[in-house]
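Structure first, then comments.
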Amino acid sequence: MSAEPTGTFVTLDDGRPAVRFTRVYDHPLDRVWHFVTNPGELVQWFPSRADMELRPGGTIRFSGDPNMPESTGRVLAVNPPRHLSFEWGGDELRFDLEEAEGGRTRFTLTNVLGAENTAARNGAGWEVCLAALDAKARGERFEGPHGGASAPWKEFYAGYIEAGVPSGAPVPGLG
């Protein structure tokens, strides 16, 4: 059984492959910005703990992801409270926030891929992470991105493959 993907595989204007997700949250821009930039908030939904120097060129230290070793990245751009982009594990992550009707915020995550064949794998992973963020935004408890065997990662992965999203990259923990 597969789950319906919410991400879209795209080719950016510069030719790089990416997976993009959009959500609308019932929170003002500043609150959603806090979800994205505050390490205490981020750790509740992002795959790694991310301690960052929130300035262009700043260092980000990633830790606590059972599927990745500790590493560092670099902040590429920051424009509070609307845009943050940084390097992470060979990819570029872009978070774009814009005001939506009724005091809400449109949140867009673009994972610019270092390799096209990681699209299905990464898309499935972001589905689980964003489900945690969605729950957090609603004020609900969620086990976070590493929820264990109950996380629907494999179902989303199957959904991305069925949708024709590029795949084939190694998947940590699946041999």
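The values are calculated or read from the model by the stated rules, or taken from the named source; none is laboratory data. Just so you know, these numbers come straight off a predicted model, no measurement behind them. Note that we place each Cβ from the backbone using ideal geometry, even for glycine, and neighbour counts take in every protein chain shown. For the accessible areas, the whole protein counts, side chains as well, though only heavy atoms, and no ligand, DNA or RNA atoms are used. Shrake-Rupley method; radii C 1.70, N 1.55, O 1.52, S 1.80 Å.
Annotations for the structure displayed:
- Figure note: M68, M52 ranked by solvent-accessible area, largest first, 1.4 Å probe, ligands and nucleic acids not counted: M68, M52.
- Shown is the FRET efficiency for R82 and T11, computed with R0 = 35 Å from the Cβ-Cβ distance and rounded to the nearest 0.05: 0.90.
- Rounded FRET efficiency, nearest 0.05, which uses the C-beta distance separating D30 from S63 and R0 of 22 Å: 0.25
- Accessible surface for H34 stands near 70 Å², nearest 10, in the context of the full protein assembly shown (1.4 Å probe).
- Annotation for R23 and R104: the two label points, set 7 Å from Cα along the Cα-Cβ direction, are 1.3 nm apart.
- Solvent-free Debye scattering, log10 I(q)/I(0), computed from the Cα coordinates of the chain at q = 0.16 Å⁻¹: -0.99
- Formal net charge of residues neighbouring E53 (Cβ-Cβ distance under 12 Å; K, R +1; D, E -1): +2
- Loop-located GluC sites (Glu not before Pro) in segment 79-144 (DSSP state other than H, G, I, E, B) with a sparse environment of at most 16 neighbouring Cβ atoms within 10 Å: E140, E143.
- With both labels modelled 7 Å from their Cα along Cα-to-Cβ, the F142 to D51 distance reads 2.5 nm.
- Accessible-area value, V32, 1.4 Å probe, nucleic acids and ligands omitted, Å²: 0 Å²
- Protein-only accessible surface order, largest first, of W153, W33, W45 at 1.4 Å: W153, W33, W45
- Ordering K154, K136 by accessible surface, largest first, gives K154, K136; the 1.4 Å probe counts only protein heavy atoms, with every chain in place.
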